[in-house]
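Readers should treat all values here as calculations from the given coordinates under stated rules, not as data from a laboratory. Given the structure is predicted, the values throughout are model-derived calculations rather than measurements. Here Cβ is always computed from backbone atoms with ideal geometry, including for glycine, and neighbour counts include all displayed protein chains.
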């Protein structure tokens, strides 16, 4: 995939995360990607980690690879 395709995919995930809120796992991200024809678990996992690295998501304490929206960032 191209870099622009990757950015579009991640923007789609971020928009969905912000709209729906709640807890985000790899499986939930895969549910967003499945209609786009993307089924790789690793892609969903990396994209969630990237959104966390950029401050859009924060890890849920005590839950491996589980995230929620970073309210402090989105309020700004």
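Structure above, values below:
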item	result
Order by protection proxy (mean Cβ within 10 Å, highest first), peptides 43-52, 59-68	43-52, 59-68
Separation of the residue 30 and residue 64 label points, Cα + 7 Å toward Cβ, nm	1.5 nm
Helix 3-20 vs. the chain, principal-axis angle (Cα, 0 to 90°, nearest 10)	40 degrees
Segments 29-38, 2-11 sorted - mean Cβ within 10 Å per residue, highest first	29-38, 2-11
Helix-only mean residue ellipticity at 222 nm for the chain, each DSSP H run of n ≥ 4 adding -39500 (n - 2.57), per residue, nearest 500	-17500 deg cm²/dmol
Rg/Rg_ref, region 3-76, where Rg_ref = 2.2 N^0.38 Å and atoms are Cα	1.02
